[in-house]
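Q: My questions will all concern the structure given below.
The values are calculated or read from the model by the stated rules, or taken from the named source; none is laboratory data. The shown structure was predicted, so the numbers you read here are calculated from the model rather than taken from an experiment. Don't worry about glycine lacking a Cβ; one is built from the backbone with ideal geometry, like all the others, and counts go over all protein chains shown. Accessible surface areas use protein heavy atoms only, side chains included; no ligands, DNA or RNA. Shrake-Rupley method; radii C 1.70, N 1.55, O 1.52, S 1.80 Å.
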Protein chains: 2
Amino acid sequence: MFYMYICSKTKIDMYRTHNCGELKMENVGDKVTLSAWVQKSRDLGGLTFIDLRDRFGITQLVFNMDTNAPLCLEARKLGREDVVRVKGNVSERSNKNKNISTGDIEIEVLSLEVLNKAETPPFTIENETDGGEELRMKYRFLDLRRAPIRDNIVLRHKVAQACRTYLSSVDFLEIETPFLIKSTPEGARDFVVPSRLNEGQFYALPQSPQTFKQLLMVSGFDRYMQIVKCFRDEDLRADRQPEFTQIDCEMAFVEQEDILNVFEGLVKHLFKMVKGVDLPDFERMTYKEAITKYGSDKPDLRFDMRFNDLTELMQNKGFKVFDEAEVVLGIRVEGASNFTRKQLDKLTDFVRSQQVGAKGLVYCKFNEDGTTKSSIDKFYDESQREAWGITTGCKKGDLLLVLSGTSKHTPKAMNMLRLEMADRLQLIQDDVYKPLWVVDFPLVEYDDDSQRWHAIHHPFTAPKEEDIQKMDHSPGEVNANAYDMVINGVEIGGGSIRIHDRLIQEKVFELLGMDKLEYTEKFGFLLDAFKYGAPPHGGIALGFDRLCALMGGDASIRDYIAFPKNNMGRDLMLDAPSVIEKVQLDELSLKLNC
Amino acid sequence: MFYMYICSKTKIDMYRTHNCGELKMENVGDKVTLSAWVQKSRDLGGLTFIDLRDRFGITQLVFNMDTNAPLCLEARKLGREDVVRVKGNVSERSNKNKNISTGDIEIEVLSLEVLNKAETPPFTIENETDGGEELRMKYRFLDLRRAPIRDNIVLRHKVAQACRTYLSSVDFLEIETPFLIKSTPEGARDFVVPSRLNEGQFYALPQSPQTFKQLLMVSGFDRYMQIVKCFRDEDLRADRQPEFTQIDCEMAFVEQEDILNVFEGLVKHLFKMVKGVDLPDFERMTYKEAITKYGSDKPDLRFDMRFNDLTELMQNKGFKVFDEAEVVLGIRVEGASNFTRKQLDKLTDFVRSQQVGAKGLVYCKFNEDGTTKSSIDKFYDESQREAWGITTGCKKGDLLLVLSGTSKHTPKAMNMLRLEMADRLQLIQDDVYKPLWVVDFPLVEYDDDSQRWHAIHHPFTAPKEEDIQKMDHSPGEVNANAYDMVINGVEIGGGSIRIHDRLIQEKVFELLGMDKLEYTEKFGFLLDAFKYGAPPHGGIALGFDRLCALMGGDASIRDYIAFPKNNMGRDLMLDAPSVIEKVQLDELSLKLNC
């Protein structure tokens, strides 16, 4: 039962009886009041038409020179983005517009009042605008009026509501975690907040509520969820924001399988509720398989072109480049045997670009007439090329593309080539979704720069029980109960089963190069918590900005955030960050050192 | 239609088939698995009983020495807060417990596994605990296990869900506003965040999303809502938190009446949905009336004792104290004529305390026998005392309490005396709610210290249209379209109709002592926004922590926040804030100045 007191006393009708998206044939004859923005006007001599716009839609106003000349003259003075209130009668249009919800009707205006006059906006407020990126960010409040951006924000709202409704219905509790917390070992990425009341001390803004959600499991809250802002002071890459939003969740008394099922359910629910799309069941793939077959831990499964390992087949035939390579990889490009010399040269340029970094590209055409032709025919005869066809599945009309080099770099280069080919051949259809769980990530990887092991996920991730033995002698071989959710090649989120045993947690901290003093100071509260009855638990965090962008069909997250920052972390509208006054610095016991 | 994929693949039953709150008579005979915490155990020789606890409830386990001695011996070793998994059969209890949901059944345990052993907690995890405030804050994760605190957090969850469901159903959009923003003129209360990428510059954390929600109205989002963290670096008073949560809302094309109706509806909805309580319609009272009748802008209407102005009646009768006072106020205390000399002396001490600051207390008893007796009978005869009775409504058995002094201070002192009397006489019943809108606040008040006008609400509040003329010559007489929601003497929130006219906004900034340079630098983006078609708009912010505490029946907000800070803004569990490393300071181009 939904409880509705609204409008019990007074209907909201001083400014409007209806919004601009709801009047239909059944309202014809009604006297209505509308308040909204002037989208545009057309003066056809005897008649003046105005499109009135609000968030809900567009309604056509009509002013008649014959029946009310003074009012019509007033209407002609209206400019784009003026805010007006009109009263009038709903009438049937002679010329109906099937593209808008109110296209059957128009308003014969009886009175018109300008609520706020607008200057000419610095760019056109239409679906396609003439405003540059910077100008639109400075006047973000105007850019947000454009339908494509507005629709993104509305989609985000819907996703948030559907998300909480689903999680709440399966016993998750929304619990707010603090924003003013303690700086952690990965502290270099923390934004810090000087404390005035605690001189010389700083809070940190959370990179994620990780330890808090684990503590909530220790507290017995069983299932926790929050759609929450997180902060990371990174050198900003394209499409990263210093503040971003996570769907953050944790569950107690679960194994990995339980979490995968709950959150596969969540994302299916979101797609169904918000987009009406039935997602297929999520595929499962180990990290190792993903790297081997796609050269990426977030493969795009909307098209095939899995890697074929051709090392054995192609080495020792006299071609030095392959003979010296650690690995030779090939992908079958279906129906691309007709690629021209020029196209292949361009591909070669692409793989040699700094971004991809391969030395060169080998190809073999499997022509429609049954012949084969490769760029290394000098070393490989027809029968060998046919063997390649059998191994890679290349048939008449296909193209085989081959890269070679180190086993570390070559899969990455091949991944980029694979994505490039999908793009060039337009293999990716709109509104196709291929969701995937990548599982069995390694626990740690060795970082040559800092000469120590780093957590792949984070220091709280549980090693697989059968691998715990290996932690002492070969940590690189230890797999973790960690998983990523990937849709269409986009990493939507990731999580893990956590450590809930104090001794294993200490062991992992030590593996990561922390000594007892350090981890006690930084994470003493968590180790303490594990002393007093910590349940087995695990969780996940989904990138909310990213998920919304994926659902909205965009690659960039920026227009799914109401007030985003630019690549320097600046808010161009506010002109922030900015200098603060000396008195503020003094109060914080700080001095600038620049 | 609700969409449910959960458990489609694998039921979550490795750790448990049921939680500790759901097994009932209909489950008798079922084989179940439970995982949870040991609340306590009772060893009755042949039988050992264990209360197993999770968030959902408590289930009794039984171990039988006769049928399975080894298992029973294992069970006897279990300590409080151990985490265990048990498998067993549900059977009917011989001795039923009507106080818990699972009181009809118990589990005959077949197998027992300790998932995590617990050390003895530093305080008892029961409804009543032996832990002191500081200890419980340090081990907050354990304090959160106690049912009273856990229930608060669950209540908060429910209020949040019900709030968004309601607002969403009436077309509010949840839109996230940024946390890294620009420092504002009330900058002294801003927490600031140094920017590494923008050397020497700082973000501020928002004290509220005020300007953003106004921009969203300018953008045409029409109705905005967010349950959002806000930050204020104040010297902390009892029960203030440096980070707190608001239900933050804004609406376009509305008048004050519209907003009052929508949010009266919201709060009624929340009480009904979460507590099953039907709130009465909200009273309305002007600020002036509230001060005159109750000496407070947040009067508690659960009991009467409105002020009577006795100045005219009591002056010029030879009693110098009253003759020299600016105002003489009295309250009728029903049925208190039997107060003893000692009780009245204590009341006199109370009003003379530093907190109240009155010079003394005058009383008059209207005795049951029809006689009257006051503490100033020397100056006032029986007939005069009877006149007091008529004015104040005092009847046989009542007590009249009178304070006098300056017109600024006396109502405040009388307010405290009024609340004190309600407390002493236990006039306040549980679960009675008296909601109220206080309206027509003044726009500004003069501050003697800074020698300038300060905004009562904030600088964006619209003056009442009929008072705009007065802004030039008598700003103190200008009323604002501002309102507070008060329930049971607690200010739950407040809001206003905002200025949407650039010229009026500039006028208010100037009235508040800002020059053009200053307000352009700080609020140029808002003034800009008002140029391009800003609609009339207004909104409200409700204190979410405070609302939850009120609904939970507590005066303090602290136990409605999962991880609160103490009065010095410290998180005792994390030991934050803390010092950060020099390398971090260097990166931020900062030096400590202490």
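Q: Using the Cα centre of chain A as the reference point, and only Cβ charges (+1 on K/R, -1 on D/E), how large is the resulting charge dipole? Debye, rounded to the nearest 20.
A: Dipole of chain A, to the nearest 20 debye: 1500 debye.
Q: Sticking with this structure for a sec: Would you work out the relative contact order for chain A, in percent, from Cα pairs under 8 angstrom that are 6 or more residues apart?
A: The value is 13 percent.
Q: By the scheme Lys and Arg +1, Asp and Glu -1, what is the net charge of all other residues having a beta-carbon under 13 Å from that of B:Val328?
A: Surrounding charge for B:Val328 is -2.
Q: Mind listing the long-range amide H neighbours of A:Arg498? Cut-off is under 5 Å, sequence gap 5 or more, other chains count too, H placed in the peptide plane at 1.01 Å from N.
A: Those qualifying (amide H under 5 Å, at least 5 residues apart or on another chain) are A:Ala462, A:His537, A:Gly538, A:Gly539.
Q: Shifting gears a bit: Residue-wise, which Karplus ³J(HN,Hα) couplings in Hz belong to region A:555-563, taking 6.51 cos²θ - 1.76 cosθ + 1.60, θ = phi - 60°, and x for glycine or proline?
A: Couplings: 7, 9, 7, 4, 8, 9, 10, 4, 10 Hz.
Q: Here's another thing I want to ask about it. Please determine, in degrees from 0 to 90 and to the nearest 10, the orientation of helix B:382-392 with respect to the longest principal axis defined by the Cα atoms of chain B, where the helix direction is its Cα long axis.
A: Between the helix axis and the principal axis of chain B, the angle is about 60 degrees.
Q: Alpha carbon centre of region A:32-111 versus region A:449-519: separation in Å?
A: Result: 63 Å between the Cα centres.
Q: Using amide H atoms built 1.01 Å from N in the peptide plane, name the residues 5+ places from A:Phe221, or on other chains, whose amide H lies under 5 Å from its own.
A: none
Q: Sticking with this one: Please list, or write none, the lysines whose alpha carbon is within less than 26 Å of the alpha carbon of B:Lys591, excluding same-chain residues fewer than 8 places away.
A: A:Lys182, A:Lys522, A:Lys582, A:Lys591, B:Lys182, B:Lys582
Q: OK, next. Give the span of chain B's Cα atoms along each principal axis, as three whole-Å numbers ordered largest to smallest.
A: 92, 75, 57
Q: Please list the radius of gyration and Dmax for region B:13-116, considering alpha-carbon atoms only, with Å as the unit.
A: Gyration radius and largest Cα-Cα distance of region B:13-116: 12.2, 32 Å.
Q: Right, something else. What is the sum of charges around B:Arg80, taking Lys and Arg as +1, Asp and Glu as -1, for the other residues whose C-beta is under 14 Å from the C-beta of B:Arg80?
A: Charge balance near B:Arg80 sits at +2.
Q: While we're here: Using Cα positions and a limit of under 20 Å, work out the aspartates and glutamates in reach of A:Lys24, with same-chain residues fewer than 8 apart set aside.
A: Filter leaves A:Asp13, A:Asp51, A:Asp54, A:Glu92, A:Asp104, A:Glu106, A:Glu108, B:Asp171.
Q: Could you work out how far the C-alpha centroid of region B:365-403 sits from that of region B:184-232, in angstrom?
A: 56 Å
Q: Step through the residues of region B:357-370 one at a time and calculate ³J(HN,Hα) from phi using the Karplus curve (6.51 cos²θ - 1.76 cosθ + 1.60, θ = phi - 60°), rounding each to whole Hz and writing x for Gly and Pro.
A: Values, residue by residue: x, 7, 7, x, 10, 10, 10, 9, 8, 9, 5, 4, 7, x Hz.
Q: Could you tell me which of the pairs B:Lys346/B:Lys395; A:Lys288/B:Lys158; A:Lys117/B:Lys464 are separated by over 32 angstrom between their Cα atoms in the structure shown?
A: A:Lys288/B:Lys158, as the Cα separations exceed 32 Å there.
Q: Of B:Val170, A:Val432, which has the most accessible area with a 1.4 Å probe, and how do the rest follow in descending order?
A: Order by accessible area, largest first: A:Val432, B:Val170.
Q: So what's the back-of-envelope 222 nm ellipticity for the protein assembly as shown, counting only DSSP H runs of four-plus at -39500 (n - 2.57) apiece and dividing by all residues, rounded to 500?
A: -8000 deg cm²/dmol
Q: For A:Leu590, what charge total do you get from the other residues with a beta carbon under 15 Å from its beta carbon, if Lys and Arg give +1 and Asp and Glu give -1?
A: -3
Q: Here is a further query. Provide the per-residue ³J(HN,Hα) series for region B:500-508, in order, calculated from phi with Karplus coefficients 6.51, -1.76, 1.60 and θ = phi - 60°, each as a whole number of Hz, with x at glycine and proline positions.
A: With coefficients 6.51, -1.76 and 1.60, one gets 10, 10, 4, 5, 5, 4, 5, 4, 5 Hz.
Q: I'd like the carbon and sulfur percentage of the solvent accessible area for the protein assembly as shown, probe radius 1.4 Å, heavy atoms only, ligands and nucleic acids excluded.
A: 46 percent
Q: Continuing with the same structure: Using only Cα atoms and rounding to the nearest 10 degrees, what angle (0 to 90) does helix B:147-169 make with the longest principal axis of chain B?
A: 70 degrees
Q: What's the percent breakdown of Cα-Cα distances in region A:303-428 across 10 Å bins, shortest bin first?
A: Here the calculated profile for region A:303-428 is 13, 49, 34, 3.
Q: Normalised radius of gyration for region A:243-329, please: alpha carbon Rg relative to 2.2 N^0.38 Å, two decimal places.
A: Taking the Cα Rg and dividing by 2.2 N^0.38 Å, one obtains 1.66.
Q: Using Cα positions and a limit of under 13 Å, work out the aspartates and glutamates in reach of B:Lys298, with same-chain residues fewer than 8 apart set aside.
A: Within the straight-line limit of under 13 Å, B:Lys298 reaches these aspartates and glutamates: B:Glu283, B:Glu289, B:Asp484, B:Glu491.
Q: Same structure, new question: Going by alpha carbons, how many degrees (0 to 90, nearest 10) lie between the helix axis of A:341-352 and the longest principal axis of chain A?
A: Computed tilt is about 80 degrees.
Q: Per the Debye formula with a single identical scatterer at each Cα and no solvent contribution, what log10 I(q)/I(0) holds for the protein assembly as shown at q = 0.05, 0.07 Å⁻¹?
A: At q = 0.05, 0.07 Å⁻¹ the computed log10 ratios are -0.44, -0.84.
Q: Also, quick follow-up: Chain pair B, A: how much accessible area is buried, both chains summed, with a 1.4 Å probe, in Å² to 100?
A: For chain B against chain A, roughly 13900 Å² becomes buried.
Q: With the cut-off at 20 Å, tell me which of the pairs B:Lys40/B:Lys275; A:Lys320/A:Lys359; A:Lys293/A:Lys434 have Cα atoms farther apart than that.
A: The pairs that break the limit, which is 20 Å between Cα atoms, are B:Lys40/B:Lys275.
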